[in-house]
Amino acid sequence: MSGLPAPKGRRAAIYIRKSQVYKGVRYISPEMQREACIRWCESDGYGYEVFADIEGHSSGGTDKRAGYQELRRRLKEFNAVVIHSLSRLSRNKRDYFAFLEDIQKQNIDFVCITQKIDTTTPYGRAFLAMAVVWAELERELDAERAIQWIAAKQARGEHFGTVPLGYSRPNGALRLAANRREAKLVRQIFDLYGTGAYSDLSLARHLNLRGFRARSGQEITEKMVRTVLNNYQLYRGYIKRHWRRPDRELIKGSHPPLITEAQAQRALRVRQQNVQAKLREGRQRKAAQRRTYLLAGIVRCGHCGGPMWGQATANKHGRNYRCRHVGVERCQQKMVNAEVVERQVLELLRWFDIPLHAQEDVAKAVIALCRETGGNDDYIRSEAARRELALRRERVLEMYRDGLCERKFRDRSLQQIAEEERRWEFATTTPGMTPIQALELVRGFAAAVHESTPEAQREVVQRVFQRIAVTDDRVTDVDVYPVYAEALRWYWRPRADSNRRSQP
């Protein structure tokens, strides 16, 4: 890049490009382009900077050119763009029109030496306006052609777009053909999901344990399972046409079906049941949150000291706590937002810290609790895990017998399966947990409270706090039960805003 200082701040960007030289074809060298553009800049009083693509030869049919990209990036620094001929800028009409639209939006002049185009003149500006109109027309025609092309393929029952799992296009054919290995995976997804025993995530994990892999060789994901189930019409042998319009229809596709009608209906029925269950669970959770007030019975007004009761409103404020002061004068405390106040109280629990002298006793209590309540769940999970490990071992051995994997892969996979089996054996034969594991569990107390249900959160808050004073959506004071006083050490630190400290 080279250039001269611009008088009065006017600067021009000169772009030159070298094409491939063919025998017998007139050729304009980069030096000739540079000299012609510099003469125009000097005659009109422009300083200039040259952007060039002259190493080897740069095709005008693409915008992947270093000099051209640099010019587009720094376009707003210049008052004009000067080129020798339109073919030097681009041979792609879409890139050409897009460039003209950019310089028009930024009020940059455009000068073409050979074609006598100069937007510093009225005729040049008229040309640029017409070029932008033609660019818009070209985009609309391209969109219309694409719609017509898609409609024609759909009318013939041909699938367009990315090749879906279970199919391939052998030798670049237009019609989809069944891929035997992937088709087996698709049928497994519909068969197993139709049993109602799997969710998208658990089904993906089960298939990975059985040795199935995606087209790229990576593990199967929850998103992949969801995509396959949502495309059940495609796997039945149909193409969706105008699916988001009122005149949508199903067209018999030219590709072979991979599943039967019964398989699709079973999976669809389970899918609808799972969706309804999730919606119902979400509504119940929201209703429980609306009904549950974590601070009920222990929250007090920071102004008058009276009790505050939970009250739900139909407006945007949702759940609130209102002061129920009874007296001659009305309390000045307004309703406080329940969610804001409860969030502050739960944040206080993040400071929960077990005293050193009590850590051993707490660990023993947690171990005893885990022995009483956690054993059965471990055994239930271990049985399912062992069944899946057995299927995984069988799959690996089958692949080795069929010559689909090497001995090194077989030995490594069998070793991993054996290690997982040993871990499950240890988990189900070793009672409880170690003191260190118990302490790690208790140290995660605050995070567990934040992720638990509203009912569980309320029980924890009611057990830890005796009284919570609230003033204008802000917790101003708390009283903690003596047994938890040392665990919440933050409360006993000296505070500048108050001399009051409750004694444990």
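What follows draws every value from the coordinates through simple rules; no lab data is involved. Only a predicted model underlies this, so the values are computations on that prediction, with no experimental measurement involved. So basically every Cβ, Gly included, is an ideal-geometry build from the backbone, and we count neighbours across all protein chains shown.
Numbers below:
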quantity	calculated
Local electrostatic count, Thr120, Cβ distance below 11 Å [Lys/Arg +1, Asp/Glu -1]	-1
For Asp477, residues with placed amide H under 5 Å, excluding near neighbours	Ala469
Label-point separation, Gln265 to Thr195 (7 Å along Cα→Cβ), nm	2.2 nm
Where labels lie 7 Å past Cα in the beta-carbon direction, separation of Glu138 and Arg205 in nm	5.4 nm
Inter-probe distance in nm under a simple model that places probes 7 Å from Cα toward Cβ, at Arg474 and Met130	6.9 nm
FRET efficiency for Asn171 and Arg393, using Cβ-Cβ distance with R0 set to 30 Å, rounded to 0.05	0.20
Relative exposure of Ile298, Ile189, judged by other C-beta atoms within 10 Å (fewest first)	Ile298, Ile189
For the range 167-273, the fraction of alpha-carbon pairs in successive 10 Å shells from zero, as %	14, 43, 34, 9, 0
